[in-house]
Amino acid sequence: MRRLWKIREKWRRVMVVLLMMAAAGTTFTGCGMAGSRRIVRIALGQSESHPEYLGLLAFKDYVEERLGDKYEVQIFPNEILGATQKAVELTQTGAIDFVVAGTANLETFAAVYEIFSMPYLFDSTEVYHQVMEDEEMMNGIYQSTDQAGFRVLTWYNAGTRNFYAKKPVRTPEDLRGMKIRVQQSPASVKMMQAFGAAASPMSFGEVYTAIQQGVIDGAENNELALTNNKHGEVAKYFTYNMHQMVPDMMVGNLKFLESLTPEELEVFRQAARVSTEVELEEWDRQVEEAKETASRDMGVEFLETDVEAFKEKVLGLHQEMLEDNPDIAPVYQAIQKVNEEVRDKNIRGQFKDSPLPGRGPMWAVRSLLEPKPRSGAESGAERRVPIRD
Ligand code: GCU
């Protein structure tokens, strides 16, 4: 009943926004005008304090400072224009101009996006950032949705995804019999099944109530979900098993982008870049803050765990996904190469700094292979120096 009420309430809010937009002369046609200015609408699932919102504010400022006589940028946070999957469709048709969406939301439009759902794809946050900042590789991916009518302009960090639930998940075995929310993508469902839990796909906005009412036992996400989205009020155990690093994408309607002059397009591109820089910085700061707030004010317990045990459950998916979806193979190979390069670099660095008297190079390599006890919730880059057999 309460769920039904929430859905009704959400639709009521969407209708109010649409009416307000219509009243302001910005009808839902994708070419809203305020006076002589073209309204550029951006949908966001997150709240006004989230790093992505702050990034989008920087985007707005950058565009309006340079093209303010022609364009006004309006940001609609909190899924106010509908759940993100819906907002992607609105961007596709041009009803709105941009949306910030997780890559899981893009998988049905371009199969290559499935790569980001692959568990334990990146060895570390260092590799993840290096790949996401590799323009050549990312531009190929960004253009893959052109046929669907939209293109990605930039990426935002959405951290590392981990389990959080009403009861502690200390080992993969604890997941047995648990119902865990996943993003609405077949790859996410497969991953959860491989972990041994029952997958419950639903939109992000529904997760809080679903945990609260016991419809699901938990979910998986970054630390900001606990505080920014308040999930820490209803799920008190957060396990650092670090199964995915999934970026968010700023997606633009292709017709709109093509309607811009080359100079204007460059301004929008630069604005997107600036928004990413703001977001990345804010992200690191807010994650630290979220950990503190969640444990101090919300009573959330952060659990360290044996990441390898979780990894073992799902690594078989790499081969399976590559066979099912050949579109991801070239990107997969390219990412493996970066994994190897960073691994080699770290081995060299460690060898340079650490040889003890009487210990040769093989000692340094072996010492990296040995599992190390971990403490605290450091970044993946610091935590792991994985070596593949
Ligand atoms: C993160 C991510 C969102 C995504 C959400 C989810 O918050 O930033 O883009 O929608 O996870 O799990 O659905």
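Computed from the coordinates by the stated procedures, all read-outs in this text should not be read as laboratory data. Small disclaimer: the values here were computed from a predicted structure and weren't measured. Virtual Cβ from ideal backbone geometry, glycine too; neighbours counted across all protein chains shown.
Descriptive notes on the structure:
- Other-chain or far-sequence residues with amide H under 5 Å of E79's (modelled H): L44, G45, Q46
- Taking amide H atoms as placed 1.01 Å from N in the peptide plane, the amide H of M202 lies under 5 Å from those of V182, Q184, each 5 or more residues away in sequence or on another chain.
- Couplings 3J(HN,Hα) for segment 172-177, derived from phi with the Karplus relation 6.51 cos²θ - 1.76 cosθ + 1.60 (θ = phi - 60°), are x, 4, 4, 7, 4, x Hz, where x marks Gly and Pro.
- Under a 5 Å amide H cut-off, with hydrogens placed 1.01 Å from N, G102 pairs with M249 among residues at least 5 apart or on other chains.
- Karplus-based coupling profile of segment 286-294, in residue order and whole Hz: 5, 5, 4, 4, 5, 4, 5, 4, 4, with θ = phi - 60° in 6.51 cos²θ - 1.76 cosθ + 1.60 and x standing for Gly or Pro.
- Cross-link check: pairs K70/K291; K236/K337; K167/K291; K86/K190; K86/K179 evaluated at a Cα-Cα cut-off of 30 Å; pairs beyond the cut-off: K70/K291; K236/K337.
- Per-residue ³J(HN,Hα) for segment 203-214, Karplus 6.51 cos²θ - 1.76 cosθ + 1.60, θ = phi - 60°, Hz, x for Gly and Pro: 6, 4, x, 8, 5, 3, 5, 5, 5, 4, 8, x
- Theoretical FRET efficiency, 1/(1+(r/R0)^6), r = Cβ-Cβ of A309 and E341, R0 35 Å, to 0.05: 0.85
- Packing, as the average of other Cβ atoms within 10 Å across residues, places the peptides 258-264, 228-234, 307-313, 317-323 in the order 228-234, 307-313, 317-323, 258-264, highest first.
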